[in-house]
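*Asks:* There's a structure below that I have some questions on.
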Amino acid sequence: MKKRVSFAMAATMALSMAATGSMTVMADDVSITIFNSKMEIQSQMEEKAAEYSEQTGVNVEVYYSSDTVAAHMATRYASEDPYTLAMVDAKDVYSLAAEHAVDLSDQDWVKDTNYAISIGDVVYGFPVCIEARGVIYNANAIEAITGEEFVPENYKTLDAFKELLETLVAGGMESPVGIMKEDWSLAGHYLTEVYEEQPDVEAFITSLHEGTADLINNEKFNAKMDTFDVLMANNYAKDSAIAAEREVTEQKLAEGEIAFMFGGNWDWAVINAYDYTDKMGMMPVPQNTEDGTNEKLVGGGSKYFFIDSSDNTSDEQRQAAKDFLNWLVYDEAGQSFLVNDCALVPAYSNIALEVADPLGASVKSYADAGALIDNYNYLPDDHYSLCGASFQKYLAGQSDRAGFAAEIENYWKSTTPVEH
């Protein structure tokens with residue numbers, strides 16, 4: 001699954017960047033390649049392509065691949081055909097930057113974000129957006145049954161959340177929950193919160209690697225799994241949970257047939273394709289805990305651009321790539337592309353555009369309040385596929401909690417820690 005789009009940067013970029021002194025006029029024959037690893041915005045990039053291509057002589061080619069980021073990038077490097085500008089995950093910046101990325105410390109946008117990736121004192125990673133995970137809710141669907149305004153903060157404990165679910169069922173919503181069965185959702189997003197919400201994340205991951213972790217008796221693991229069990233019991237597809245299609249689940253949530261689904265603000269790219277109701281948002285995963293994690297979303301900078309440092313990329317191409325990043329942050333058209341076209345939460349303090357979609361608005365409110373728990377960015381590349389398969393077994397009722405915990409422990413004992 002690979003798409004290629006040729007487009008050029010808008011002329012307004014040249015005008016606004018020239019005014020700040022951060023734009024270098026490129027020769028007409030300069031071409032750069034961009035790797036986009038964010039599936040949700042590929043169509044938006046395609047739609048924008050025609051507008052860009054009419055305005056400048058800098059040719060930009062955009063690629064998307066469904067392969068894992070690490071595997072895809074390795075293939076490109078092996079063929080000595082790197083992208084000028086690559087959008088990757090945070091862990092990929094840490095593993096690739098020293099050998100493949102240029103120093104971006106002197107770029108204007110560094111001062112306007114708290115989410116850039118630095119290794120030592122060198123900035124390598126340009127944050128594309130802020131993303132966060134939690135429980136997505138449809139307030140209209142809830143209020144239609146309860147007759148009361150839905151206040152997410154009232155349901156931060158699992159006990160309170162269970163009572164609400166029981167009220168919804170009694171009121172006629174037979175199954176108030178949807179669960180995405182995809183391995184990236186289960187293991188890349190839900191399971192990782194077990195790690196991210198530990199009192200000492202690094203120490204906990206080390207204990208998993210060393211085989212000393214006792215997951216089945218871990219307080220956070222059990223709190224998260226208690227919640228997951230409640231979600232499973234109220235899942236509309238509980239009789240065939242592994243057959244549930246993401247698009248069907250998101251449509252049911254959008255239209256109010258169900259009220260809750262664990263996910264992230266990226267899900268708006270799917271939800272907005274349906275006849276969604278007007279009151280939706282995100283809340284922390286309910287848990288019976290007193291550690292405060294049930295009052296925060298998990299998230300931070302998400303997807304990072306870096307610029308290739310190899311001899312396969314010219315200085316002119318690198319400058320064109322830097323100009324593109326500056327366009328995203330400082331040009332009105334670039335800002336609008338991020339916030340309005342792509343429905344992303346900006347990672348830059350100078351971007352004042354209102355986040356229009358309700359999931360993004362929820363994330364921004366938590367971020368602005370300092371209520372985001374940091375992502376753990378050093379998971380091995382096969383974590384979501386292998387641990388996801390174990391989680392799918394649990395979702396399908398093919399293993400119990402103890403068996404699931406043992407499989408996760410065995411995974412970590414057999415993998416190599418990611419250096420950072």
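The values are calculated or read from the model by the stated rules, or taken from the named source; none is laboratory data. Source: prediction; values computed, not measured. Cβ: placed from backbone, ideal geometry, glycine included. Neighbour counts: every protein chain shown. To get the accessible areas, we keep the full protein, side chains included, count just its heavy atoms, and leave off ligands, DNA and RNA. Shrake-Rupley method; radii C 1.70, N 1.55, O 1.52, S 1.80 Å.
*Asks:* Picking from Ala396, Leu344, Ser66, whose Cα lies most toward the positive end of the charge dipole for the chain (charges on Cβ: Lys, Arg +1; Asp, Glu -1)?
*Replies:* Checked the options; the winner is Ala396.
*Asks:* If you don't mind, there's one more thing I want to ask. Greater than 26 Å separation of Cα atoms is the criterion. Which listed pairs, Lys156/Lys303; Lys111/Lys156; Lys156/Lys238; Lys48/Lys91; Lys156/Lys364; Lys156/Lys393, meet it?
*Replies:* Working: Lys156/Lys303 29 Å; Lys111/Lys156 35 Å; Lys156/Lys238 24 Å; Lys48/Lys91 29 Å; Lys156/Lys364 19 Å; Lys156/Lys393 28 Å.
Cα-Cα > 26 Å for Lys156/Lys303; Lys111/Lys156; Lys48/Lys91; Lys156/Lys393; rest within.
*Asks:* Once a ≥ b ≥ c are taken as the square roots of the eigenvalues of the Cα gyration tensor of the chain, is the result rounded (a/c under 1.5), prolate (a/b larger than b/c) or oblate (a/b not larger than b/c)?
*Replies:* Taking the square roots of the gyration eigenvalues as a ≥ b ≥ c, the chain is prolate.
*Asks:* Which of the three applies to region 318-420, rounded, prolate or oblate, going by the alpha-carbon gyration tensor with a ≥ b ≥ c and a/c under 1.5 meaning rounded?
*Replies:* On the way: a/c = 2.97, a/b = 2.02, b/c = 1.47.
Prolate.
*Asks:* Within 15 Å, Cβ to Cβ, of Met282, how many net charges do the neighbouring residues add up to if Lys/Arg are +1 and Asp/Glu are -1? Provide the component values of the computation, followed by the final result.
*Replies:* Numbers: positive: Arg133, Lys156, Lys279, Lys296, Lys364; negative: Glu131, Glu153, Glu193, Glu250, Asp267, Glu295, Asp357, Asp368.
Cβ neighbours under 15 Å give a net charge of -3.
*Asks:* Ranked from the most accessible area to the least, with a 1.4 Å probe and all protein chains present, what is the order of Lys38, Lys252? Let's see the in-between values first.
*Replies:* Details: Lys38 10, Lys252 40 Å².
Highest to lowest solvent-accessible surface, that is Lys252, Lys38.
*Asks:* Right, next: About the Cα centre, and with charges only on the beta carbon of Lys, Arg (+1) and Asp, Glu (-1), how big is the dipole of region 51-197? Nearest 20 debye, please. Write down the numbers at each step before the final one.
*Replies:* Working: 7 positive and 28 negative charges, 49 e Å.
Here the size comes out at about 240 debye.
*Asks:* Still on this structure, I have one more. Going by a ≥ b ≥ c, the root eigenvalues of the Cα gyration tensor, does region 166-207 fall in the rounded group (a/c under 1.5), the prolate group (a/b larger than b/c) or the oblate group?
*Replies:* Working: a/c = 6.80, a/b = 2.35, b/c = 2.89.
It is oblate, given that a/c is not under 1.5 and a/b is not larger than b/c.
*Asks:* If you don't mind, there's one more thing I want to ask. So how exposed is Leu96, as accessible area in Å² (1.4 Å probe, rounded to 10)?
*Replies:* So the heavy atoms of Leu96 present about 30 Å² to solvent.
*Asks:* Compute, for Thr289, the solvent-accessible surface of its heavy atoms (probe 1.4 Å) with the complete set of protein chains present, and express it in square angstrom to the nearest 10.
*Replies:* 30
*Asks:* Now, a different point. Going by accessible area, probe 1.4 Å, with all protein chains left in place, what is the ranking of His420, His209, largest first? Don't jump to the answer; show the numbers that get you there.
*Replies:* Values: His420 115, His209 35 Å².
Correct descending sequence by accessible area is His420, His209.
*Asks:* Between Asn114, Asn288, Asn36, which gets the highest mean-square fluctuation from a Gaussian network model of the chain, Cα cutoff 10 Å?
*Replies:* Most flexible of the set in this elastic network: Asn114.
*Asks:* Output the 0 to 90 degree angle, nearest 10, between the alpha-carbon long axis of helix 158-170 and the longest principal axis computed from the alpha carbons of the chain.
*Replies:* Tilt relative to the chain: about 80 degrees.
*Asks:* Give me the dipole magnitude in Debye, nearest 20, for region 290-420 about the Cα centre, with unit charges on the beta carbon: positive for Lys and Arg, negative for Asp and Glu.
*Replies:* Values: 8 positive and 21 negative charges, 74 e Å.
I would put it at about 360 debye.
*Asks:* Treat each spin label as a single point 7 Å out from the Cα along the C-beta direction, and report the Asp229 to His420 distance in nm.
*Replies:* Distance between the two pseudo-spin positions: 3.1 nm.
*Asks:* Separate question: Per the helix-only calculation at 222 nm, which mean residue ellipticity applies to the chain, given -39500 (n - 2.57) for every DSSP H run of n ≥ 4 and division by its residues, nearest 500 deg cm²/dmol? The partial results should precede the final answer.
*Replies:* Details: 16 runs with 167 residues, N = 420.
About -12000 deg cm²/dmol.
*Asks:* Between Thr289, Leu386, Ser118, whose Cα lies farthest towards the positive end of the dipole of the chain when Lys and Arg beta carbons carry +1 and Asp and Glu beta carbons carry -1, centred on the Cα centre?
*Replies:* Ranked along the dipole, the leading option is Leu386.
*Asks:* Then there's this: With charges only on Cβ, +1 for K and R and -1 for D and E, what is the dipole size of the chain about its Cα centre, in debye, rounded to 20? The partial results should precede the final answer.
*Replies:* Details: 26 positive and 70 negative charges, 85 e Å.
I would put it at about 420 debye.
*Asks:* Given a 1.4 Å probe and heavy atoms of the protein chains only, how would you sort Phe404, Phe262, largest accessible area at the top? Working shown, then result.
*Replies:* Numbers: Phe404 0, Phe262 20 Å².
Highest to lowest solvent-accessible surface, that is Phe262, Phe404.
*Asks:* Now, a different point. Which residue fluctuates the most in the chain, going by a Gaussian network model with Cα springs under 10 Å, if the choices are Gly300, Gly147, Gly211?
*Replies:* Checking each option, the largest mean-square fluctuation is seen for Gly147.
*Asks:* Please give, to one decimal in nm, the separation of the simple spin-label points placed at Asn312 and Asp121, each 7 Å out from Cα toward the Cβ.
*Replies:* Here the modelled spin labels are 3.2 nm apart.
*Asks:* Once each part is reduced to its C-alpha centroid, what is the distance from region 251-274 to region 276-310 in angstrom?
*Replies:* 16
*Asks:* Let me ask you something else. Assuming 0.36 nm per residue, please report the length gained on full extension of the stretch Glu290 to Ile242 beyond their Cα-Cα distance.
*Replies:* Working: separation 48, 0.36 × 48 = 17.28 nm, distance 3.27 nm.
Gain on stretching Glu290 to Ile242: 14.0 nm.
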